[in-house]
1. Below 14 angstrom from the Cβ of His205, what's the summed charge of the other residues (Lys, Arg +1; Asp, Glu -1)?
2. Using the Cα centre of segment 109-186 as the reference point, and only Cβ charges (+1 on K/R, -1 on D/E), how large is the resulting charge dipole? Debye, rounded to the nearest 20.
Amino acid sequence: MRKFSLNKINTKLALKYRFFHSYHQQPIDPACYQFQIRTAIPADLIGVSQIIAESFHSQQGMWGWAFPLLRLGIYEDLRHRMTSPPSRHICLVAFEATTAANNLVGSVELGVRYSDSWSQVGMGFPYLSNLAVHPQYRRHGVASGLLTSCEKVSREWGFQDLYLHVLENNHQARQLYFKLGYRVHKVESNWNTFFLRRSSQMLLHKHLSADSST
């Protein structure tokens, strides 16, 4: 199994959090999680596609019947990218290292996009996509760890900037990105925004520090 590192992404992220009762604000037993981040392998495909599907598609209501099909589509897209990846593409996964099962808890993809996406010419830039965390492990630093890992990979590829999209109405995700230093590059609208009343997309940008230890 080939591992990628956070100083070559094999670093443990030991995260300790104290939880409080919503009414009395009394501390409950603290939970201790240990996560590791590595390059995804084919055996991770089912778990990764499930996490992504749960993060971006509802299983409730009239569209619940379509969830298995959406998940299958995500699986096939991931399988294609992993079996014939572009020259600069990586899928990272986070897994819980405190149990023997090593359950997957999150994933993210990083690739290089071009100003002309069809011919892959023009200036290339690193682009984050499919950042997703299992609902049970959200707000425990998994997403931050995956983003930090992508920044390190981008530097290793020789880039000093990183881009990603987020929906304008996804306030929780926006708060995370802004906290980590991302800023709005531009707000994009299309026909879906006007006719289907969907949220606009925001293209966020972060200039990466030359110091890879931060």
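1. +2
2. Charge dipole of segment 109-186: 340 debye, to the nearest 20.
Here, each number is a calculation from the coordinates, and none is a lab measurement. What you are looking at is a predicted structure, and each value in this text was computed from that prediction instead of being measured. We place every Cβ from the backbone using ideal geometry, glycine too, and count neighbours over all the protein chains shown.
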